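The structure appears right after this line, and notes come after that.
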Amino acid sequence: MNLSFVDNLNFRREVSLVETQLAEWVESCDKEMIPELRWQFISGSKYFRPLTIFSTYRSLIPELPIPDWLIRCAVVIELFHNMTLVIDDILDKSPERRGRATLHQKFGELDALMASGYMVAEGYRMLGTDVQAIELFSELMKRLGVAECLQWRLRRQVLGVEDWRHIAAEDTGSMFEICACLADRSGRLRTFGGLLGLLYHGCDDVGDVRGSAALGGGGVEDLRDGILTLPAALAIRDPEIGSLFSKESPSLEDLQHLSKAFQMQLPEAERYLDQVVSQARKEAELFANDPEPLYALIAETRKLSGG
Amino acid sequence: MKSSIEELMNNYNLLFQQWLTLSQSLLPPGPAGANVPGSEEASDVGAISRALLQALAAAASSSLSYSYSVQSILYKHQASLLALNFGDEDTKRRRALLIDDIRGFLREIGDTASREARSFQHQLALITEQLAQAEARQRDEAHK
């Protein structure tokens, strides 16, 4: 558990419950799968998605404690999130995540793929008769699948910031949108969730270019694969950088040149993220009963760019 | 352009006047009228009239807020579009910036319209809820 995030948002008890339930669940799984799941769920998560669920609930019903059914939703979102991490790591051929070997690196691709399917199946089982949550998680699965295919299909293409925004909104944005909707079943904070996800995605992009370890990743894979990140979308407006970005097999020198061009765009990327912050705050102000927990969440997310 | 703005303002004015007249027509008429202030009926129409006036205020505020937001977006993008026109950057780069900016501009206009509509809808839902609760309270008191 990352105590600084959790304590700043005042959800230590709730995040402890999520951790405990996840640990108990891992031990209750099939013996064949336990080593893989233990490896994947060893602490190190920032629990940003559960924190989004809890903050949204508190912004609507500040006087009540977080209910048990919402803790269960938070556990399930962590299962779904970990499924996406496993798939991303396989796709990106990442050897490490958060300073440790990735699941496929440790156990092989078959085990990693099967474990990711196991997590999703268990997530749905845990939701029981919560039909609305089942609908929301189904929406999430479909959107994530489409976003991954879209992002992969559009790699190495000279596109704009608006295209980056669309991809980010469907990728990370959809996850946070669903987090907000799980806590607010009326859906009035859905757009807030989407903007928070967009902010998270953009901060991740910027943090990667900055070499920030805050998000546990690096920008090397995105650079190598020609993924449209926010700094990339800004930099490739320059035709020279655009043609380097679209090269099928860029040389090491090309990648260094691109990396430098992306770094030059960091101030503009930070300004863009500040605009997303304003939009998210406006949504919180208009639609939450008490926007303060959401303002705190935005502030914590914004720090992730490392700027 | 000026006449169409005046026409728009006149339409707004007419709409608000009609709404105001409707709200006022529901106010208790006073001691000489059928609805004696303080009576159950007077309290009933008072709550309805208050709700309609609140909705009118929310509609007016929403219209103003939308106009203001659109104006801010226009100013923001106008500045960047002008800068592009007078810049000395090469044509390809300028074109890429221009298209991205125009796409952002159009999205922001749409986002703003959607946000204002949702906000107005949310305010109306709160007013309706208040009205329903006032009605339920009255019903409960009548049964005591």
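One residue is enough: does the stretch A:156-168 have a residue meeting the conditions over 28 Å from A:Ser243 (Cβ atoms) and either modelled with pLDDT under 95 or buried (at least 22 other Cβ atoms within 10 Å of the Cβ) (or both)? Checked against the condition, which is being over 28 Å from A:Ser243 (Cβ atoms) and either modelled with pLDDT under 95 or buried (at least 22 other Cβ atoms within 10 Å of the Cβ) (or both), the stretch A:156-168 yields no hits at all. The residue list A:Glu221, A:Glu162 contains one member that is assigned to a helix (DSSP H, G or I) and without any contact (Cβ under 8 Å) to a residue 12 or more places away in the chain, which is A:Glu162. Filtered by the rule that a residue be open to solvent by less than 30 Å² (accessible area, probe 1.4 Å), touching a residue at least 60 places away in the same chain (Cβ under 8 Å) and under 16 Å from the mean Cα position of the chain (by Cα), the stretch A:78-130 gives A:Glu78, A:Phe80, A:His81, A:Thr84. The residue that is most open to solvent (accessible area, probe 1.4 Å), among those in the stretch A:279-291 that are within 11 Å of chain B (Cβ to nearest Cβ) and not acidic (Asp, Glu), is A:Asn289.
Taken over the stretch B:102-144, the criterion of being β-branched (Val, Ile, Thr) and within 11 Å of chain A (Cβ to nearest Cβ) is satisfied by B:Ile102, B:Thr112.
Table: residues versus (1) closer than 30 Å to A:Ser186 by Cα; (2) in contact with a His (Cβ under 8 Å, 6 or more places away or on another chain).
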{"position": "A:Pro67", "(1), (2)": "yes, no"}
{"position": "A:Val86", "(1), (2)": "no, yes"}
{"position": "A:Ser94", "(1), (2)": "no, no"}
{"position": "A:Arg100", "(1), (2)": "no, no"}
{"position": "A:His104", "(1), (2)": "no, no"}
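Looking at A:Ile42, is it touching an Asp or Glu at 6+ places or on another chain (Cβ under 8 Å) and farther than 22 Å from A:Asp184 by Cα? Criteria not met by A:Ile42. Screening A:Phe192, A:Phe176 for residues that are more than 14 Å from chain B (Cβ to nearest Cβ), crowded, with 24+ Cβ neighbours inside 10 Å, out of contact with any Cys (no Cβ under 8 Å at 6 or more places or on another chain) and of a type in the set (Phe, Trp, Tyr) leaves exactly one candidate, A:Phe176. Of everything listed in (1) at pLDDT 90 or above; (2) within 9 Å of chain A (Cβ to nearest Cβ); (3) more than 17 Å from A:Glu268 (Cα to Cα), the single unmet condition for B:Ile99 is (1).
Among the candidates A:Leu286, A:Leu294, A:Leu244, the residue that is among the aliphatic types (A, V, I, L, M) and within 26 Å of A:Leu85 (Cβ to Cβ) is uniquely A:Leu294.
Residues that are within 14 Å of another protein chain (Cβ to nearest Cβ), buried (at least 20 other Cβ atoms within 10 Å of the Cβ) and under 20 Å from B:Phe105 (Cα atoms) do not occur anywhere in the stretch A:261-268. Residues that are under 28 Å from A:Leu195 (Cβ atoms) number at least 3 in the following helices (runs of 4 or more DSSP H) confined to the stretch A:1-54: A:3-9, A:12-28. Within the stretch B:45-96, being touching a Lys or Arg at 6+ places or on another chain (Cβ under 7 Å) and either modelled with pLDDT of 90 or more or not in a loop (DSSP other than H, G, I, E, B) (or both) holds for B:Leu84, B:Arg93, B:Ala96.
The values are calculated or read from the model by the stated rules, or taken from the named source; none is laboratory data. Keep in mind that what you see is a predicted model, and the values were worked out from it rather than measured. Virtual Cβ from ideal backbone geometry, glycine too; neighbours counted across all protein chains shown. Surface areas here come from the heavy atoms of the whole protein model, side chains and all, with no ligands, DNA or RNA. Shrake-Rupley method; radii C 1.70, N 1.55, O 1.52, S 1.80 Å.
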